[in-house]
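Next up is a structure, given as structure tokens.
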Amino acid sequence: MCGIVGYIGQKNIKEVLINGLSELEYRGYDSAGIAIMQESNLSIYKSIGKLNNLIDKTKDLKTDKNILRVGIGHTRWATHGKPTELNAHPHIGEFSFVVHNGIIENYKKIKDKLEKNGHKFISQTDTEVIAHLFEYNLEKQSDALKAFQITINELEGAYAILLITKSENNRIFFAKNGSPLIIGYTEDEIYFGSSDAPLVGLANEVTYFNDNEFGVVSIYNNTNSIEIYNKKFEKVDIIKKSLSINKQFAQKGGFRFFMEKEVYEQSRVISETIMGRVKDEKIEFEELNKTLFDNIENITICACGTSFHAGLASSYLFERISKVPTKVEVASEFRYKEPLLNKNTLFIVISQSGETADTLEALKMAKEAGLKTLVICNVDNSSMVRLADFTILTRAGIEKGVASTKAFATQMVVLWMLSLYIANIKKSISKEFLEKELKAILTIPSILKIDNNLHEKLKRLSKRYLHGHGFFFIGRDIFYPLALEGALKLKEISYLHAEGYPAGEMKHGPIALADSELFTIALMPKNILYEKMKSNVEELSARDSTILAISAYEFEIADDFIKIKEQNHYMFEFFEMMIVLQLLAMEIAIRLGNDVDMPRNLAKSVTVE
Ligand code: F6R
């Protein structure tokens, strides 16, 4: 949800900022902008839409190397104000520029105060007030860092902020609360990013800021200076970490879209997720301490979107296998329902990015209430990983497609393994059952190898599912959350209306929608409630709904049929169907001419509430 970058150094600053933004474009692509300062000359470039438009706009801008420059950049996912050039960042006061990720909740109050003091605003954003408020405070308080601190203390909400100002022409002021912000450095350069990605290959060492930290950086005499302060204006020690991520994983590698590549990668990343964790006839999570489960009587899972679907699916496993009562909550609902938190609850959050604002806040609530917390996450060093008591990393690698695929697959495997791990500790399963399950887990990478014929068939089939007035994805048991996920994939990238529904619930209302223009995607595993599913699908077929059945068994009344391999475990069917749903959504979206990797109105990392 918005990406920000910053740089001080002598490299070609336009390239550094734009390359950095291209690594963060998945966080928002409503507009992009950069501001560059050389001595006290400030220039700004903004354009609406994807980063390519900004690249076109700045093609004549020359920022050769060997001159010290300071710059900031932003890629936007609009929250306040439409995606117009005026609302694009960087935002400007009289002489200061600012980029911001997050939401300033009290911006209206600040704006009113500043307007009464003669400040003029040109955008509808919450961000613009930051530049003006800083200048207002600077008038009263000539020390720029102090003025910045006063400014930050007045802001309510979530933010990662970079600010440059003509009066301090080789410095960047920064602040973080809620939204992610990372600084990287070499001896004579400083980089900022909303994630590690823009820093890879440039900075060897990084520091992850904590909430409520702010400060200032600069380069003097070819040497960097970094000052970090806490809320009380006390200096904070700089904790350096090394940065080593292999950039080659973030290339498309011959596939049409990152999403397609990531669907195809699932077999490999699941092998990595399992590696070293299934051994000696049991599950090992080195990162967990077995005492984590002492006195645990139940589990609460909190997450958003696809990660929520993984959580919901896992509740079937935690209850069926581990025999632990499990509740699953959408994080944005959980936070405000005044939940009753019990110390005997293990609180699990699931997140690909580790930065989703609602999930992060739910995790903070659970920690403050003294619950044991565990995060299942794909991004090491993310905010959730740094906060939770325990972490299991999903090892999916960088996921670039906005529609999550391989992250979901790895989350599911981790959660399945965790259900067995807990069951083993709680002695709720037999040795034979555990052995059978372990064998099944080790088989998943081969189940996820995509058969070319299947993909070709889905490509052909997709052209019959481009119109109609909507889709119902239906399933029962653990296939119900998978149906939710299938529907989410389709709506995200095809913009067609789709709902996931428990198959048995259709007759309680939604079946009223059934006619030949309603497409039903029926998940019909042979291992779980097959006969019941059959009846539910027949009810829809009798009302003329067009049926696409996904099953190991031929189903004569289906209009279309995708056969999955005869499998003797419901989780094999789960993963096979998952692939079918991902590819089907992708092929429909491609036929509709959509940008599969950057669907409209979405962003990969949702760091606002
Ligand atoms: C859907 C999708 C989103 C995310 C959700 C949570 O394809 O990607 O629904 O799952 O925004 O994000 P994380 O998992 O990063 O917390």
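Determine whether Ser382 is within 11 Å of the ligand (Cβ to nearest atom) and not assigned by TED's automatic domain parsing to the domain that holds Ser194.
For Ser382, the condition - within 11 Å of the ligand (Cβ to nearest atom) and not assigned by TED's automatic domain parsing to the domain that holds Ser194 - is met.
Do we find that Glu297 is among the charged types (D, E, K, R), in contact (Cβ under 8 Å) with a residue 12 or more places away in the chain and surrounded by fewer than 22 Cβ atoms within 10 Å (Cβ to Cβ) in this structure?
yes
Just need a number here: residues in region 316-352 that are part of a loop (DSSP other than H, G, I, E, B) and under 25 Å from Phe574 (Cα atoms).
4
Let me ask something else. Is it true that some residue in region 283-295 is closer than 23 Å to Ser195 by Cβ and either within 16 Å of the ligand (Cβ to nearest atom) or modelled with pLDDT of 95 or more (or both)?
No, because not a single residue in region 283-295 is closer than 23 Å to Ser195 by Cβ and either within 16 Å of the ligand (Cβ to nearest atom) or modelled with pLDDT of 95 or more (or both).
If you don't mind, there's one more thing I want to ask. Would you point out which residue out of Ile562, Ile550, Ile588 is within 16 Å of the ligand (Cβ to nearest atom) and touching a Leu at 6+ places or on another chain (Cβ under 8 Å)?
Ile588
Surrounded by fewer than 19 Cβ atoms within 10 Å (Cβ to Cβ) and not in a loop (DSSP other than H, G, I, E, B), is that true of Lys146?
Spelling it out, Lys146 is indeed surrounded by fewer than 19 Cβ atoms within 10 Å (Cβ to Cβ) and not in a loop (DSSP other than H, G, I, E, B).
Sticking with this one: How many residues, within region 106-143, are loosely packed, with under 14 Cβ neighbours inside 10 Å and touching a His at 6+ places or on another chain (Cβ under 7 Å)?
1
So if I check each of Tyr570, Tyr495, Tyr553, which one is of a type in the set (Ser, Thr, Tyr) and under 25 Å from Val414 (Cα atoms)?
Only one candidate passes the filter, namely Tyr570.
If you don't mind, another one. I need the full set of residues from region 147-173 which are without any contact (Cβ under 8 Å) to a residue 60 or more places away in the chain and within 26 Å of Tyr191 (Cβ to Cβ), in order please.
Of everything in region 147-173, those that are without any contact (Cβ under 8 Å) to a residue 60 or more places away in the chain and within 26 Å of Tyr191 (Cβ to Cβ) turn out to be Ala147, Thr151, Leu155, Gly157, Tyr159, Glu168, Phe173.
The values are calculated or read from the model by the stated rules, or taken from the named source; none is laboratory data. Only a predicted model underlies this, so the values are computations on that prediction, with no experimental measurement involved. Methodologically, a virtual Cβ is constructed for each residue, glycine included, from the backbone with ideal geometry; neighbour enumeration extends over all protein chains shown.
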